[in-house]
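Visitor: Structure in structure tokens, see below.
A short reminder: the numbers here are calculations on the coordinates, not readings from a lab. None of the values given here were measured: they were computed from a predicted structure. We place every Cβ from the backbone using ideal geometry, glycine too, and count neighbours over all the protein chains shown.
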Amino acid sequence: MSAEPDPRLVYARTADGHDEASEPRRELTPGARRILAAIDSQRCVGDLGLFARSGELGPSLAELEGQHLVEVAGLADEPSEAERRARASAEQVLLDQAKRGLHGLFGAELGASGHVWEARVADSVNMEVLRRVLREAVDVVYFRSGEAAARRIVAAVRPVFEQARGPH
């Protein structure tokens, strides 16, 4: 599989994939594990990028296909211009809500150095950028303030990631 799969491809879990998602037994990379959890026979590859770090989507899908945990189920239709505009508008509302909900969170956990993360959250131009910033921030909180602080951050940012799980 190429590093850049067609964004319209829709994947489904195989029977082994369902088993692995519900009861992990195989050694998968963290990226492949996240992508396996996100595959629902409805999301296209273009939407799965929300669950991957930069450069890991193609290799993760290849890993899952190679272990026969997922298979291509079809090709999604291209959205109409009206659907694209409606989706962009809805995403902007979610982005604004997420930013308001996260305001002050990193300052509370990291003190003065948290202001850099507050600024990065405020400067996020879309949900994908915000999610990437939050993934990095969780790692920083973990290394600077420990597991308990990281768990508090994860609990607070979880709704931002769950917003991506709805059908598109």
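Visitor: Report, in degrees rounded to the nearest 10, the 0 to 90 angle that the Cα long axis of helix 81-102 makes with the longest principal axis of the chain.
Guide: 40 degrees
Visitor: Please state the shape class of segment 9-75: rounded when a/c is under 1.5, otherwise prolate if a/b exceeds b/c and oblate if not, all from the C-alpha gyration tensor.
Guide: oblate
Visitor: Let me ask you something else. Could you give the length gained by full extension between S145 and R53, i.e. 0.36 nm per residue of separation minus their alpha carbon distance, to one decimal place?
Guide: Using 0.36 nm per residue and subtracting the Cα-Cα distance, I get 30.8 nm.
Visitor: Run the quick spin-label model on N126 and R85: label points 7 Å from Cα toward the beta carbon, then report their separation in nm to one decimal.
Guide: Placing both labels 7 Å along Cα→Cβ, they lie 1.7 nm apart.
Visitor: Oh, and also: List residues of segment 32-58, by number, whose backbone nitrogen lies under 14 Å from a label position 7 Å along Cα→C-beta of L75.
Guide: Only 45 fall inside the zone, counting backbone N under 14 Å.
Visitor: Then there is this: Normalised by the number of residues in segment 9-75, what is the relative contact order in percent for Cα pairs under 8 Å and 6+ residues apart?
Guide: 54 percent
Visitor: Can you tell me the length gained on complete extension of the stretch H18 to K99, counting 0.36 nm per residue apart and subtracting the Cα distance?
Guide: 25.8 nm
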